[in-house]
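Here is the structure we will look at, set down as structure tokens.
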Amino acid sequence: MEKIIVEGGNKLEGELVVSGAKNAVLPLMAASILSGGVNSFTNVPDLADVRTMCKMLEILGARVEFEDGSLEIDTTDLNKWVAPYDLVKTMRASVLVLGPLTARFGRARVSLPGGCAIGERPIDQHLKGLQILGSEIEIEEGYVETVAPKLQGGVIPFDVSTVTGTENLILSSVLAEGETILLNAACEPEVTELGLVLNEMGADIQGIGTDIITINGVSELSPIKDHEVMPDRIEAGTLMIAAVLTGGDIFLTNCRFENMGALIGKLLEAGAEITRENGGIRIKSTGELKSIDFTTLPYPGFPTDMQAQMMTLMSIADGLSIITETIFPQRFLHAGELRRMGADIKLVGNSAVVRGVRHVSGAPIMASDLRASASLVLAGVAAEGKTEISRIYHLDRGYEKLDRKLETVGARIWREKE
């Protein structure tokens, strides 16, 4: 295993290219199960989670080739419908194969993903939707098994907004007979991307990007060719915070301003300067960093995947910040590690009260999950002294070479063996 070492204090300046979005490419890879042909994608990030999904598809019988950001998935001979525990346990998004396997083969057997560090994330909404579509469901020995000779359209009301639940039920419904309506569907840009790509493959999906999605089932889909995966708005936001934290100036290319409104609004409120330039986004520190309050909400609200990184920023802001987490109320494990670096953070229920300090100091710290690991790397970049971050395999699940990107704009950061 490796750890990341950071010697903080450098101002970050320069230009960076944002990678393709993990949360967009994984459901697109699952969608390839439906097509029965050769699907190809570009701008694919080289991440542990992408590699895991590649292995999953290979186990199911697909041929997968992935190199230099190009991904080809041939599902012509995909003939298995069991997703084993050994893979699902390493990546919750593996559950996205449940819907398309049921749609293509009339059955699926997928390991239940279980809990994770940021709290309980059940798949009850996925299963409720599949039952409405006519699937029989049994849960035994840690697996969920579906049986449905032919899925039938229906009205599926989500009790809560769920991104993977919405994606799984879209994937289940595109080949179902009749009309399916998803109520209270997730509106995240990655869900929109999935819907648009499925329509290119021959699906009939209306209301993409809204909370009411209508799917008219079709008999078959064609493979998607050379689709360019959308940029990762969470990586872009993480790099924007890195610039503000260090008093720097970073220009980001391959990013979409329109997908980050809530985050950009809060960074402007905190004192950052943000402009659109030459097809990219420039973010500069004004030398003033003010505390702000924010609450995580489903899109287009403030993303829960940016909560930890923003907490790092608020740790050195002027004043008192109240951060309320409504998506995953237990998602505060990074707070204890930030306190080890000198941050003043108190947890009260599903809120964190952060009183800004003049600076944080380097310390040995440990990552607990994907976004927490990014927040700790940011803290190390801004800290006085040396920070050692262990368990960084979490970081590699969702960020493509984040440490190298930060190094190119001036950070003193490297990896060592544990």
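The values are calculated or read from the model by the stated rules, or taken from the named source; none is laboratory data. Since we're looking at a predicted model, the values are computed, not measured. When we count neighbours, we look across all protein chains shown, and the Cβ atoms used for this are built from the backbone with ideal geometry, even at glycine.
Out of all the residues in the range 222-235, is one or more closer than 30 Å to Leu320 by Cβ, over 20 Å from the mean Cα position of the chain (by Cα) and not assigned by TED's automatic domain parsing to the domain that holds Pro100? No, there is no match, as no residue in the range 222-235 is closer than 30 Å to Leu320 by Cβ, over 20 Å from the mean Cα position of the chain (by Cα) and not assigned by TED's automatic domain parsing to the domain that holds Pro100. Checked against the criterion of being modelled with pLDDT of 95 or more and within 21 Å of Leu395 (Cβ to Cβ), the range 280-293 contains not a single residue that satisfies it. Helices (runs of 4 or more DSSP H) fully within the range 363-418 that include at least 1 residues being more than 18 Å from Met1 (Cα to Cα) and polar (S, T, N, Q): 370-382, 402-408.
Has the range 153-160 got any residue that is outside the structural domain of His394 (by TED's automatic domain parsing) and touching a residue at least 60 places away in the same chain (Cβ under 8 Å)? Within the range 153-160 (the criterion being outside the structural domain of His394 (by TED's automatic domain parsing) and touching a residue at least 60 places away in the same chain (Cβ under 8 Å)), the answer is yes, since at least one residue qualifies. The residue of the range 94-106 that is nearest to Lys55 (Cα to Cα), among those that are surrounded by 24 or more Cβ atoms within 10 Å (Cβ to Cβ) and under 21 Å from the mean Cα position of the chain (by Cα), is Ser94.
On the stretch given as the range 170-212, residues that are of a type in the set (A, V, I, L, M), crowded, with 17+ Cβ neighbours inside 10 Å and not in a helix (DSSP H, G or I) total 11.
Selection of strands (runs of 3 or more DSSP E) fully inside the range 232-347 by the criterion of at least 1 residues being without any contact (Cβ under 8 Å) to a residue 12 or more places away in the chain returns 272-277. Every condition in (1) touching a residue at least 60 places away in the same chain (Cβ under 8 Å); (2) surrounded by fewer than 22 Cβ atoms within 10 Å (Cβ to Cβ); (3) of a type in the set (A, V, I, L, M) holds for Ile139 except the one numbered (1).
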